[in-house]
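Worksheet: the structure to be examined is printed underneath.
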Amino acid sequence: MNLLNNFWSDEAGLVMSAELVVLGTVGVLGATVGMSAASTAINDELIEFSHAIRSLDQSYHFEGHQSCRAWTASSSYRQQDVEISLADLCGQIEQAEQAAGDQSKLKRKAPPKSEELRKKMEEKKKTIKQKKKNKQNEA
């Protein structure tokens, strides 16, 4: 208790209010910059994680088995190429953004048919192939 009273009555190490304001300002600015850097780093990591998850290939092939009395069927799945699926996704996003411009269209508009989506996907594939050819021709 005596030590606390000595600190309370000691005026030799008095910090002026202007110094406190400067230190507080520097602390707040440092915390703000730190939080901004942390936010950017977290966002970048989440983007990289999403690309890593998307690049996982889920294709498989299982050969069937046949014996004297029983058999099992074979099964397989081939995942769509990443570029093609992203192009398809981008086409759907563009369509949703266009529809969101006019809310009345968004409410009344029927979902696209699979034929329409297939045509759009084919168009996106063609544009991707043309871009690749243009890049190869430039190189």
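The values are calculated or read from the model by the stated rules, or taken from the named source; none is laboratory data. Nothing here was measured: the structure is a model prediction, and the numbers come from that model. Because the Cβ atoms are built from the backbone with ideal geometry, glycine has one as well, and the counts that use them run over all protein chains shown.
Brief remarks on what is shown
- Condition broken by Ile84, with the remaining ones in (1) in contact with a strand residue (DSSP E or B) (Cβ under 7 Å, 6 or more places away or on another chain); (2) at pLDDT below 85 satisfied: (1)
- All positions within region 49-63 that are of a type in the set (D, E, K, R) and within 22 Å of Asp88 (Cβ to Cβ): Arg54, Asp57
- Residue check for Lys105: surrounded by 11 or more Cβ atoms within 10 Å (Cβ to Cβ), at pLDDT 65 or above, touching a helix residue (DSSP H, G or I) at 6+ places or on another chain (Cβ under 6 Å) and part of a helix (DSSP H, G or I): no
- Taken over region 40-74, residues that are in a loop (DSSP other than H, G, I, E, B) and among the acidic types (Asp, Glu) amount to 2.
- Tally, over region 60-85, of residues that are surrounded by 10 or more Cβ atoms within 10 Å (Cβ to Cβ) and under 30 Å from Lys129 (Cα atoms): 9
- Yes/no for Ile93 being under 24 Å from the mean Cα position of the chain (by Cα) and at pLDDT below 70: yes
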